[in-house]
Amino acid sequence: MAIKNKSEMPTERSIDLSGPQGNAFCLLGYAKDFCRQLERDFEPIHKEMTSGDYENLIKVFDREFGSFVTLYRADDVEDENDDECIEDDEEVDDYDEDDEDKDNA
């Protein structure tokens, strides 16, 4: 931990999506609080934020509150299954039960 000069403090609100503040329930709580402060109806925003996956929740949050809140995420955030997927031009060996039987003989 470090104690820094107050002049280095960010002037905008920021949320680290890779930390506890990036939890979906935490983001919903922020959204509810911001709606209360801005005297906006939370229900339609809540409904849209919860109508899809986490990426949808983030997009709706950013659209509604991105003018005064900056969201940060790690650079390496990608689809977790990307490296497991087979590329279109990559050949796939056909599975042959007879080959397995030969190996076990």
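Please treat every number below as a calculation from the coordinates, not as lab data. Keep in mind that what you see is a predicted model, and the values were worked out from it rather than measured. Methodologically, a virtual Cβ is constructed for each residue, glycine included, from the backbone with ideal geometry; neighbour enumeration extends over all protein chains shown.
Among residues other than F68 whose Cβ falls under 12 Å from its Cβ, what is the net charge (Lys/Arg +1, Asp/Glu -1)? The partial results should precede the final answer.
Numbers: positive: R13; negative: E12, D62, E64.
Local net charge: -2.
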I need the GluC sites (Glu not before Pro) found in region 10-67, filtered to DSSP loop residues with at most 16 other beta carbons within 10 Å of theirs.
E12, E39
List the residues of region 47-75 whose backbone N lies under 11 Å from a point placed 7 Å from the Cα of L38 along the Cα-to-Cβ direction.
61-69
Once a ≥ b ≥ c are taken as the square roots of the eigenvalues of the Cα gyration tensor of region 11-71, is the result rounded (a/c under 1.5), prolate (a/b larger than b/c) or oblate (a/b not larger than b/c)?
oblate
Footprinting exposure proxy for F25, F65, F42 (fewest neighbouring C-beta atoms within 10 Å first)
F25, F42, F65
